[in-house]
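J.: Below you'll find the structure I mean.
No value in this document is a laboratory result; all are computed from the given coordinates. The model shown is predicted, which means the values in this text are computed figures rather than measured ones. Note that we place each Cβ from the backbone using ideal geometry, even for glycine, and neighbour counts take in every protein chain shown.
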């Protein structure tokens, strides 16, 4: 059973909306920023220093040194798994002109193909 003209228009509008929102979602996921290798290196360094301090604390039987080593390891883990926002690459302003994304290009090709078929 063919769709009525109104149903076809509504379906086309829903498709365009879906492509537009899907492209926005993909842009949000891709715009989180690149890996911050400085933060990762600092996290590894803090982890190694923390382990050394923990072992030294056990060997010299000083609990304060061991607790300090654990704290340094914990801070290193936090830095490695959740780098501070100030160290990440900032996102572009929403009103700034943006380059077409892969999904934008696919959407345009899809629309051109649909228009050429009609």
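J.: Could you tell me the calculated FRET efficiency between residue 101 and residue 45, based on Cβ-Cβ distance and R0 = 30 angstrom, to the nearest 0.05?
T.: Efficiency at R0 = 30 Å is approximately 0.25.
J.: Let me ask something additional. Work out, in µm²/s and without decimals, the Stokes-Einstein translational diffusion coefficient of the stretch 34-81 at 20 °C, 1.002 mPa s, Rh from Kirkwood over C-alpha pairs.
T.: Translational diffusion coefficient: 202 µm²/s.
J.: Once you have the Cα-Cα distance between residue 37 and residue 52, take 0.36 nm times their residue separation minus that, and quote the gain in nm to one decimal.
T.: 3.1 nm
J.: Just want the ordering: 3, 45, from fewest to most Cβ atoms lying within 10 Å of their own Cβ.
T.: 3, 45
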